[in-house]
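A short write-up of the structure that comes next.
The values are calculated or read from the model by the stated rules, or taken from the named source; none is laboratory data. Please read all numbers here as calculations on a predicted model, not as lab measurements. Neighbour counts run over all protein chains shown; Cβ positions are idealised from the backbone, glycine included.
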Amino acid sequence: MLNARFVRLICLRILARLARCFVRRAATAPARILYIKPDHLGDLLLATPVLAALRRRFPTAQIAGLVGPWSRPILEHNPDIDILLTCPFPGFTRTLTDAETSKRPLSAIGYRLSAIIQPYLLLLHFALLLRAGRYDLAIIGRDDHWWGAALALLAGIPQRVGFAVPECRPFLSVALPWNPAQHVTAQGLALVEAVAVREPIAEHPLARFDPLPADIDWARAWLQTQGVGADEVLVAIHPGTGGPAKLWFADRWAAVADALHTQGARVLLTGGPGEQALVDEVAGSMRAAPLALVGQTTIGQLAALFRRAALVLGVDSGPLHLAAAQGRSTLHLYGPGDAGRFGPWGDPARHVVIRVDLWCSPCGVFAACPRGLARPECMERIGVADVITQARRLLEES
């Protein structure tokens, strides 16, 4: 029986051969550039240094970003983007699970067939739309995103730069050696270097997200209503994240918050939609009542609150990258996530990662510990004392 991946690779090579018949001739210098990035909040923030480097290399080119609608707010006001396009990238949207479709057996077969065909119909649809843009260069911002690489080729874009992942390679005109251990921002900068027409810039750009003046005014007004003075030290803790296995424990966050409070810091607990119970549990375990704001802010307003803080703490999550993009000191607790690839981008003295070196970590499994532990060991062994020590150091230095 043929291996499923082997069959897919053959099909992708055939598709790539057919699509090359419709590619336009390459321009001497790219006047229109398309950056394809299907990921969510944190990964898009880690891509902002790539866009800044791209702008520096091609200051007069028109740069378009193609992202998922879920991450549009991250780049909506980014100065390095001229045009922002959205695409509901297959595999990155929320779909029904097998368990859910099995409850409707009459439609299960039709649903699965549609799930197989739909990505290719969407691919052709967006390829036709992008052909009208007459792009000269496409950069595939995610190393394993063969769908985006195929989209660039079917759109007739002559220069297509990405990494030599087997599924992506047939669709690329420039394929860089792939190092799956490399930080994703460093990977993106390497793609820009591959098409650079100028000397490399010695200093790499940092992550960027600028809240609007209205967001900053809102954050200032909200803090005033909570009695936070302009000179008070504010510490934000964002305990939530998308994967349960990445969570630290409410009683430990409470102990850290109380320790910082005794040193004179005002503690603000933040959370996104669906994280009210977690924030309530942390607040309920604290001796001192914190400020709390859960699911009531836009991304810009949350960024403005983080910009006011002296330190932001949390686990492996998009909001922590948002805090780092405000120039604030940050403290990140990593367990199953790969900090080497997806950790904070910037000065490691100001953006600190705490993790435990276990044989099984990072495993990349966020729904539950693959070892069957109710409390993943990689998070269990992160001690309160270590977090408090690092937090105090960062506060003193900030």
Take region 45-68 and flag every residue that is within 19 Å of P211 (Cα to Cα) and either touching a Ser or Thr at 6+ places or on another chain (Cβ under 6 Å) or polar (S, T, N, Q) (or both). L46, T48, P49
Selection over region 331-384 where residues are under 15 Å from V315 (Cβ atoms), in contact with a Leu (Cβ under 8 Å, 6 or more places away or on another chain) and among the aromatic types (F, W, Y) yields a count of 1
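Can you spot a residue in region 252-270 that is within 19 Å of the chain's Cα centre (by Cα) and under 30 Å from D144 (Cα atoms)?
no
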Run down T241, T297 and say which single residue is among the β-branched types (V, I, T), under 24 Å from the mean Cα position of the chain (by Cα) and surrounded by fewer than 20 Cβ atoms within 10 Å (Cβ to Cβ). T297
Among the residues of region 210-225, how many are over 25 Å from the mean Cα position of the chain (by Cα) and either on the phi > 0 side of the Ramachandran plot or surrounded by fewer than 12 Cβ atoms within 10 Å (Cβ to Cβ) (or both)? 3
Restricting to region 25-59, give me the number of residues that are buried (at least 24 other Cβ atoms within 10 Å of the Cβ) and free of Cβ contacts under 8 Å to residues at least 60 places away in the same chain. 2
Would you be able to tell me the number of residues in region 53-80 that are in contact with a strand residue (DSSP E or B) (Cβ under 6 Å, 6 or more places away or on another chain) and of a type in the set (K, R)? 1
Just checking, does region 271-290 include any residue being more than 21 Å from L41 (Cα to Cα), in the same structural domain as Q226 (by TED's automatic domain parsing), buried (at least 23 other Cβ atoms within 10 Å of the Cβ) and in contact (Cβ under 8 Å) with a residue 12 or more places away in the chain? yes
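Evaluate the following for A52: is it modelled with pLDDT of 90 or more and not in a helix (DSSP H, G or I)? Step through it out loud before you land on a result.
Details: modelled with pLDDT of 90 or more: yes; not in a helix (DSSP H, G or I): no.
The answer is no for A52.
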Any idea which residue in region 341-365 is surrounded by the fewest Cβ atoms within 10 Å (Cβ to Cβ), counting only those that are under 14 Å from the mean Cα position of the chain (by Cα) and not aromatic (F, W, Y)? R341
Please verify whether region 88-111 includes one or more residues that are assigned by TED's automatic domain parsing to the domain that holds V174, within 18 Å of H145 (Cα to Cα), at pLDDT 95 or above and of a type in the set (S, T, Y). no
Give me the pairs: first residue in region 214-231 and farther than 17 Å from I299 by Cα and assigned by TED's automatic domain parsing to the domain that holds A310, second residue part of a helix (DSSP H, G or I) and of a type outside the set (S, T, Y), beta-carbon distance under 9 Å, and six or more apart or on different chains, which are they? V228/W222; V228/R308; G229/L223; A230/R220; A230/L223; A230/Q224
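Could you please let me know if L234 is within 26 Å of L41 (Cβ to Cβ), surrounded by fewer than 22 Cβ atoms within 10 Å (Cβ to Cβ), without any contact (Cβ under 8 Å) to a residue 24 or more places away in the chain and in contact with a Leu (Cβ under 9 Å, 6 or more places away or on another chain)? Quick ask: steps written out before the conclusion?
Details: within 26 Å of L41 (Cβ to Cβ): yes; surrounded by fewer than 22 Cβ atoms within 10 Å (Cβ to Cβ): yes; without any contact (Cβ under 8 Å) to a residue 24 or more places away in the chain: no; in contact with a Leu (Cβ under 9 Å, 6 or more places away or on another chain): yes.
Here the answer is no, as L234 does not meet what is asked.
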